Amino acid sequence: ADVVLFTGCVSSFYPMAYGIPQSFVQILERAGISYTTMGGEEWCCGYPLYGVGLDGEIVDIAKHNVAKFRELGAKKLVTTCPSCYHTWMHIYPEILPEARIEVLHATELLADLIKEGKLVFAEQKPTVVTYHDPCDLGRKSGVYDAPRYIIESIPGLELVEMASNRESALCCGGGGDVEMVDAQAVEELAAQRMAQVRSTGAAVLVSSCQQ
């Protein structure tokens, strides 16, 4: 296969996220992209450990995942999870020289497919949408344009930015282990972000994060 889809823990174990990889592979098939997964050989990317300071604990995880990717002989790895993307793209190469492979977030691959004419959208009813930049995809990884390009490529959709966007975007409050430490801070942050959503007048909130 040309592409390895790294499914990630959230998509694998949380029912509310099951539909994300399922929908994504349907798009890949529609576009004629040859893909595969690591199946039972996929391990957690290790980001939760890294995030709490256990840097050394993810070395073996990285070695395993990179080795399994190499065994499949694919050209690139893609993931729908911003945290998995950040880990493969930025953390693994710091740990392992052999981890320097082509890594794409799903939005980057979809944007490329649109530019190549492999994905064409039907006209939608006029709808105002706003976009939330995930922390690991935005501020940590610098991916801002691909998600917006996809939205703006769908006829009928109008993108209206929130007051805080791109590198200034607020965290949604749901990432990492913050809620276990300070649940009240998470609630307050989420309330601030939702107030910004409502102020746009958007009917739909779009995000590249599945957390």
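Computed with a 1.4 Å probe over protein heavy atoms only, the accessible area of Leu54 comes to about 80 Å².
Restricting region 121-211 to GluC sites (Glu not before Pro) that sit in a DSSP loop and have at most 13 other Cβ atoms within 10 Å of their own Cβ leaves Glu123.
Note on Val160 and Ala185: their simple-model spin labels are 3.2 nm apart, each label 7 Å out from Cα toward Cβ.
Rounded to a whole number, what % of the accessible area of the chain do carbon and sulfur atoms account for, probe 1.4 Å? For the chain, the apolar C and S fraction of the accessible surface comes to 53 percent.
Once the 1.4 Å probe is applied to the protein heavy atoms, region 1-53 comes out at 55 Å² accessible per residue. Among Gly53, Gly142, Gly173, which one moves the most in a GNM of the chain with springs linking Cα atoms closer than 10 Å? Top of the fluctuation ranking is Gly53. The residues of region 57-133 present an accessible area of 46 Å² per residue when probed at 1.4 Å with all protein chains retained. Tyr149 sits among other residues whose Cβ lies under 15 Å from its own Cβ, and their net charge, with Lys and Arg +1 and Asp and Glu -1, is -4. Magnitude of the charge dipole for the chain, about its Cα centre and with charges confined to Cβ atoms of Lys, Arg (+1) and Asp, Glu (-1), is about 480 debye.
Accessible area per residue was computed with a 1.4 Å probe on protein heavy atoms; Val181 scores about 130 Å². Segment Phe121..Gln22, full-extension length gain: 33.8 nm, with 0.36 nm per residue of separation and the alpha-carbon distance subtracted. Roughly how many whole Å is it from the C-alpha centroid of region 140-208 to that of region 15-81? About 24 Å separates the Cα centre of region 140-208 from the one of region 15-81.
Working from label points 7 Å from Cα in the Cα-to-Cβ sense, the Ala203 to Glu167 distance is 3.5 nm.
The values are calculated or read from the model by the stated rules, or taken from the named source; none is laboratory data. The structure displayed is predicted, hence computed values, not measured ones. Cβ atoms come from the backbone with ideal geometry, glycine included; neighbour counts cover every protein chain shown. Protein only, heavy atoms only, side chains kept; ligands, DNA and RNA dropped before computing areas. Shrake-Rupley method; radii C 1.70, N 1.55, O 1.52, S 1.80 Å.
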